[in-house]
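All of the numbers you see were taken from the coordinates with simple rules; none came from a lab. Because the structure is predicted, anything quoted here is derived from the model rather than measured. Here Cβ is always computed from backbone atoms with ideal geometry, including for glycine, and neighbour counts include all displayed protein chains.
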């Protein structure tokens, strides 16, 4: 037995809402983490002097931030593709006019 168009719409739209919620939640957490780290580095004299004396630690720190940023970018692209696919499925379902979505 196939689900009704309303049930299909509810399922797809629920997935889309969950995806957007997940994206904005992860974005806000990542942004807050980066701002905390940057704020700590700017305001802490001991942190700045430690990183100045131990360049390899500073470069490792920068490399880790770069890798984390790259991974987050990849995840954002995957979320975008999934979102576009869900919107396409919703449009194909033709349950509601596209501008109303």
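Annotations
- Among (i) 1.26; (ii) 1.17; (iii) 1.10, the entry derived from the coordinates for Rg/Rh (Cα atoms, Kirkwood Rh): (i)
- Distance in nm between pseudo-label sites at residue 37 and residue 72 (7 Å out along the Cβ direction from Cα): 0.8
- Most mobile of 27, 61, 80 in a GNM of the chain (Cα contacts under 10 Å): 61
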